[in-house]
Amino acid sequence: MKKIVFLIFFSLYFFCSIIQNIANQEKSFSKLFYDSEEVEIIANLLQRNKYIYKSFHFISDYSGAETGFGLYAPNVSSQLVIYYTIRDENGLPVKTVQPRFKTKEIAQRFLTVYDVFLEKIKTNNLSDENKIYDEYLDLVVKSMAFKTLQENYPYRSIDADIYVHEIPPMEDYRNGEPPTYKHLFHYEYTLENIEK
Amino acid sequence: MKVLAIVKTNIDKFFFSEDRESGKSLAFLRVALSALLISLNFLLWEDFINIYSSNGYIQRDISEALIENYIVTTYQITDFLQYLFGLSETSALFTIRWVYTVFLVFLCLGFLTRFSSIVCWLLHLSLLKSADYFMYGADYIHTILLFFCVIFPVGKYFSLDNKIFGVQQKVNPLPYLRILQIQLCIVYFFAGFAKAIGENWWNGHSIWKSLIRTDLNGIDFSWLADYPFLPILLGVGVICIETLYLIMIWVKRINKLWFWGIIAMHLAIAFFLDLHIFSATMIILNFSAFYFYIYDEKPKQFNEEKESCIKRIMIKSLIFSVVKKS
């Protein structure tokens, strides 16, 4: 009996883990080949019954079965960077800064934070859900800008610029094309409008 | 019916029949994982407040918006501690990280192991979900491993519990070792397969893109552009070693080669991409799942068979010599 319980328990765990990973692969696949995230058969199947969907996520979250193993796949994504420009009371740039970190580990983790802004690069025909997420990401930039402004007291105005670090293919690099930082988004905040 | 019986026998044999002599793998998992999490905790120590306080880099309302309501967040624990003991937010966060560290030390030593692993698992989950944006793959794998520590009998081997409370009832560690092994095979299969569906791992662009980023390791790899076959070779190598792991690690003649190949890959990731925690996590998982299995432990059943065979030969030769003398 114990053996059967053991096997059923871990079969359920591995089932959740495998389904989660198939769903992730499907997402990458449709993004890569159809440039869309709508072709998600597994995800849609799970969402049909909200109780199954909730239970699935509950088990996956607590057991870690939610973990996607497709690290750095199917492609290594381009690195995003955010630069903050502090401005004085006349609106003139004083300095360009990035959040201050005390260890290399947290600096590495901040690169993960920047990765979420890759979602913002989708331009045309955003669904309502994606529009909300896009606005949510703007709030994340705003929150980080606020913290950076606090660290640079008494300045009251800050700009945030998001860049993508574009690396040319080997052949182009050999022919003299250097890696570049392409400007993507620009935000302007003052302490007053951030606090709102 | 016959097929079902064969399947049942094989499942039984794979998971339960081989009684291993020691639980080194499980003890290694417990000690190495908790030691790694303790070091990670200290690495994030100074920036802890900036990550988890309600006025951190990502404010509380923003962080909490995407967290499912069945997860207990560090913000909620902080509120609770503030309400109960009248602590400030900073002191409450300070308490959380100390409690987490102390129970990780307990887990490492194997003291009150089951209870310690439950506390570590729940606190880790809370810390992970409350600062989701700062987390990467390794942190999620830590959740899996801590969940395993809760379920597995990791405190039965080389633990303070054994010293203090006496040697507890023996448990066959093999079924748990099998779960670790299956987990690792799933990890590498999906990691390899996901890389294989895009073209950039086949044409070397992904390797090139990872290595040329000087913000990670400070080493200049621009010379690789003159030797494009190298990134191609490395990219194809990574796909092969990961996708085929779930087969090759079971093949006796080449499993050692595959094992050390994957360890070398993780060491390279640690050195060249600066992903130390991720690499350490995967190396711990590999050692727990396969090192002792490949190198160290012989199935007890095998030893018993060998022993009884030697005994039989000795008895036979004794009888033979007695008969011959008489």
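If I ask for residues that are outside any loop (DSSP other than H, G, I, E, B), aromatic (Phe, Trp, Tyr) and in contact with a helix residue (DSSP H, G or I) (Cβ under 6 Å, 6 or more places away or on another chain), which ones from region A:61-103 would you list?
Across region A:61-103, the qualifying residue is only A:Tyr84.
Can you give me the number of residues within region A:145-173 that are among the aromatic types (Phe, Trp, Tyr), without any contact (Cβ under 8 Å) to a residue 60 or more places away in the chain and outside any loop (DSSP other than H, G, I, E, B)?
2
Can you find, within region A:12-31, the residue that is surrounded by the most Cβ atoms within 10 Å (Cβ to Cβ) among those that are under 14 Å from B:Ile179 (Cβ atoms) and not hydrophobic (A, V, I, L, M, F, W, C)?
A:Ser17
Can you run down the residue pairs with Cβ atoms below 6 Å, 6 or more apart or on separate chains, where the first is in region A:129-144 and touching a residue at least 60 places away in the same chain (Cβ under 8 Å) and the partner is assigned to a helix (DSSP H, G or I) and of a type in the set (Phe, Trp, Tyr)?
Sorted first by the residue in region A:129-144, then by its partner, the list stays empty.
Only one of (1) surrounded by 18 or more Cβ atoms within 10 Å (Cβ to Cβ); (2) more than 27 Å from B:Ser222 (Cα to Cα) fails for A:Tyr136. Which number is that?
For A:Tyr136, the exception is condition (1).
A:Tyr34 is checked against (1) closer than 22 Å to B:Leu125 by Cβ; (2) within 22 Å of the chain's Cα centre (by Cα); (3) open to solvent by 60 Å² or more (accessible area, probe 1.4 Å) and fails just one. What number does that condition carry?
Every condition holds for A:Tyr34 apart from (1).
Collect the residues in region B:10-36 that are within 13 Å of another protein chain (Cβ to nearest Cβ) and of a type outside the set (Gly, Ala, Ser), keeping them in residue-number order.
B:Asn10, B:Ile11, B:Asp12, B:Lys13, B:Phe14, B:Phe15, B:Phe16, B:Leu33, B:Leu36, listed by residue number.
So that you can scan it fast, the table gives a plain yes or no per residue for (1) within 20 Å of B:Lys129 (Cβ to Cβ); (2) in contact with a Gly (Cβ under 7 Å, 6 or more places away or on another chain); (3) within 13 Å of another protein chain (Cβ to nearest Cβ):
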residue: A:Val5; (1), (2), (3): no, no, yes
residue: A:Tyr13; (1), (2), (3): yes, no, yes
residue: A:Ser30; (1), (2), (3): no, no, yes
residue: A:Phe33; (1), (2), (3): no, no, yes
residue: A:Glu40; (1), (2), (3): no, no, no
residue: A:Arg48; (1), (2), (3): no, no, no
residue: A:Tyr53; (1), (2), (3): yes, no, yes
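If you go through region B:56-84 one residue at a time, how many are over 21 Å from A:Glu135 (Cβ atoms), assigned to a loop (DSSP other than H, G, I, E, B) and out of contact with any Lys or Arg (no Cβ under 7 Å at 6 or more places or on another chain)?
3
For a quick check of your reading: which helices (runs of 4 or more DSSP H) sit entirely within region B:211-266 and have at least 1 residues that are within 22 Å of the chain's Cα centre (by Cα)?
Per the criteria, B:229-243, B:245-248.
Determine whether region B:126-143 contains at least one residue that is of a type outside the set (Ser, Thr, Tyr), more than 10 Å from chain A (Cβ to nearest Cβ), open to solvent by less than 40 Å² (accessible area, probe 1.4 Å) and assigned to a helix (DSSP H, G or I).
The answer is yes, given that some residue of region B:126-143 is of a type outside the set (Ser, Thr, Tyr), more than 10 Å from chain A (Cβ to nearest Cβ), open to solvent by less than 40 Å² (accessible area, probe 1.4 Å) and assigned to a helix (DSSP H, G or I).
Any residue in region B:152-159 that is under 15 Å from A:Pro169 (Cβ atoms), in a helix (DSSP H, G or I) and either within 11 Å of chain A (Cβ to nearest Cβ) or among the β-branched types (Val, Ile, Thr) (or both)?
no
The values are calculated or read from the model by the stated rules, or taken from the named source; none is laboratory data. Owing to the predicted nature of the structure, the values given are computational and were not obtained by experimental measurement. In this analysis, Cβ positions are derived from the backbone assuming ideal geometry, glycine residues included, and neighbour counts consider all displayed protein chains. When the accessible area is computed, the model is the full protein with side chains, heavy atoms only, and any ligands, DNA or RNA have been set aside. Shrake-Rupley method; radii C 1.70, N 1.55, O 1.52, S 1.80 Å.
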